[in-house]
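Here is the structure we will look at.
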Amino acid sequence: MEITSGAYRNQLPKRRYHSGRYKKSRGSSGREKSAAMRSSFYLLILWAAGALVGVLFASALGEESRESLNSFIQIGAQNMASGQVQGFSYFLNRTWSYGKYMVVLWACGFIPYGWIGVLLLIAGRGFFYGFAQAVLILGYGAKGIGMGLMGYFPHNLLLLPMILFVGQLVMQAVWKGKSRYYFIVLGIGLLAAVCAAAIEAYLTPVLLQWMMKGWT
């Protein structure tokens, strides 16, 4: 009885030790997830701030500048809706553009103080979006809102979350010592760029054509 009880007592510290290690592991994993969520939220706020600056910048433009931009955007939208823009060539163009953006964003992880590049890239992306939307709304009113939704929203619905995902990994430096996982992130980002380009090249013209029919 004494040997059995002694063996049983000897097992208790090991159980407490394993249990503690398990709880510690779960706690660190939870903290990492919480930090990743906070980083993504902060980057989303940064993107929104860039969009707000873009709106203010577009509002400060002169009437002549806005009219020239509106005519340029309208010609592009009409060309897409009428099918004058070749789908595959436009798809390749957009894939190249979004792919470059993803690679540069991802490559900031190899550069000292690369997090500054991440902030500038995401804020710049927001600025472009806010500026384009404001120009459309100021030039076309309610029609500009519809054009912006049809022309920019569908592919950005996929592209923006992926940009924030890659950006927060760079900010958290999750890839340190995990080069294989780091290259998987690049692959996912490039896949999202291809899918977003396909949406913009093949779905956006259909949506713009449907919307412009309602204008006449």
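The values are calculated or read from the model by the stated rules, or taken from the named source; none is laboratory data. Source: prediction; values computed, not measured. Neighbour counts are summed over all protein chains in view; Cβ atoms, including those assigned to glycine, are modelled from backbone coordinates with ideal geometry.
Some notes on this structure:
So that you can scan it fast, the table gives a plain yes or no per residue for (1) surrounded by 11 or more Cβ atoms within 10 Å (Cβ to Cβ); (2) at pLDDT below 75:
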{"position": "Ser5", "(1), (2)": "no, yes"}
{"position": "Lys14", "(1), (2)": "no, yes"}
{"position": "Tyr17", "(1), (2)": "no, yes"}
{"position": "Ser29", "(1), (2)": "no, yes"}
{"position": "Ala36", "(1), (2)": "yes, yes"}
{"position": "Ser39", "(1), (2)": "yes, no"}
{"position": "Leu43", "(1), (2)": "yes, no"}
{"position": "Ser68", "(1), (2)": "yes, no"}
{"position": "Phe72", "(1), (2)": "yes, yes"}
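- Candidate set: the range 147-161, residues that are surrounded by fewer than 19 Cβ atoms within 10 Å (Cβ to Cβ) and not hydroxyl-bearing (Ser, Thr, Tyr); chosen: the one farthest from Leu69 (Cα to Cα): Pro161
- Among the candidates Gly109, Gly126, residue that is under 17 Å from the mean Cα position of the chain (by Cα), closer than 25 Å to Leu56 by Cβ and in a helix (DSSP H, G or I): Gly126
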